[in-house]
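Below is one structure, written out as structure tokens; the observations come after it.
Values quoted throughout were computed directly from the atomic coordinates according to the rules given, and no laboratory measurement underlies them. Bear in mind that the values here come from a model prediction, so they are computed numbers and not experimental data. In this analysis, Cβ positions are derived from the backbone assuming ideal geometry, glycine residues included, and neighbour counts consider all displayed protein chains.
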């Protein structure tokens, strides 16, 4: 399985949202999505998880569900008001 590795310091929890996308539609609407994910704020994620982070660790690894690891996705990670 594929994983997401998150390095952190002093962050109590993190929210991870998975948006399955059609790359042709996305590029025609917003060719440079890497500049920000604000356009996804009106779209409901396919799945979202909140994870509490261990304050004694500095890295958190999340397994990507097998159903999603081969899909075209944007993965939004947010914590403490930052994304």
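If each residue of separation counts as 0.36 nm, what is the full-extension length gain between residue 48 and residue 20 once their alpha-carbon separation is subtracted?
The residue 48-residue 20 span can extend by a further 8.9 nm.
Between residue 2 and residue 65, what is the label-point separation in nm under the 7 Å Cα-to-beta-carbon projection?
Here the answer is 1.6 nm between the modelled labels.
Take the Cβ-Cβ distance between residue 55 and residue 83 as r, set R0 to 25 Å, and report the resulting FRET efficiency rounded to the nearest 0.05. Could you put the intermediate results ahead of the total?
Details: r = 21 Å, r/R0 = 0.85.
E(calc), rounded to 0.05, equals 0.70.
Can you figure out the FRET efficiency of residue 76 with residue 9, using R₀ = 22 Å and their beta-carbon distance, to the nearest 0.05? Don't skip to the end; give the middle numbers.
Working: r = 20 Å, r/R0 = 0.92.
Computed FRET efficiency for residue 76 and residue 9: 0.60.
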